[in-house]
Amino acid sequence: MPIRSILRFPDARLSMPAAPVERFGPDLAALASDLLETMRAAPGIGITAPHIGVLQRLTVIELDSVSGPKIYVNPEITWSSDDTVSNTEGSVSMPGITEDVVRPRLVRVRYQMLSGDVVETEADGFLSICLQHEIDQLDGIFWLQRLSRLKRERATKRFAKLARSG
């Protein structure tokens, strides 16, 4: 379970859609395990395979140690509510930068488990936000794209300054 290197913004691979996972088995389970360890070390609460340069539709989310990690293979949003919520977001690929993003409050997500079994679930609250954020990443939509142009430019400048100083 090695900790992998995380791509940093503005790496072009962070804007590329990920391919569906077609092979289920030990290699996929090992990749999910690597993602979990990499996310914990970052630290973060969600990470996708594209964050480590693997363009496959796989994400791991761990909101707290009590509920533990959740692995989503080939996740897709099948429905979202009209009701929205604003929440502070950031990325393991852009550490130190956060901004408020408005997203649907409730989503329905279809995904596969590591076994390949298909599951459909509804999520609200913080899990809904995290799923939308990570599925966006799998679709090649980096979280900054959800911001106004002005907020996006400010966040990009702040990150460049952080990168130069650190």
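The values are calculated or read from the model by the stated rules, or taken from the named source; none is laboratory data. Predicted, not measured: the structure shown is a model, and the values here were computed from it. Ideal geometry is used to build each Cβ from the backbone, glycine not excepted, and the neighbour counts take in all protein chains shown.
Observations, loosely collected:
- Taking the numbered list (1) of a type in the set (Gly, Ala, Ser); (2) more than 19 Å from Thr156 (Cα to Cα); (3) under 15 Å from the mean Cα position of the chain (by Cα) in turn, Gly140 passes all entries but (2).
- Among the residues of region 64-91, those identified as touching a Lys or Arg at 6+ places or on another chain (Cβ under 8 Å) and within 17 Å of Thr121 (Cα to Cα) are Val73, Asn74, Pro75, Glu76, Ile77, Thr78, Trp79, Ser80, Ser81.
- The strands (runs of 3 or more DSSP E) located wholly in region 52-166 include none with 1 or more residues which are of a type in the set (A, V, I, L, M, F, W, C) and at pLDDT below 95.
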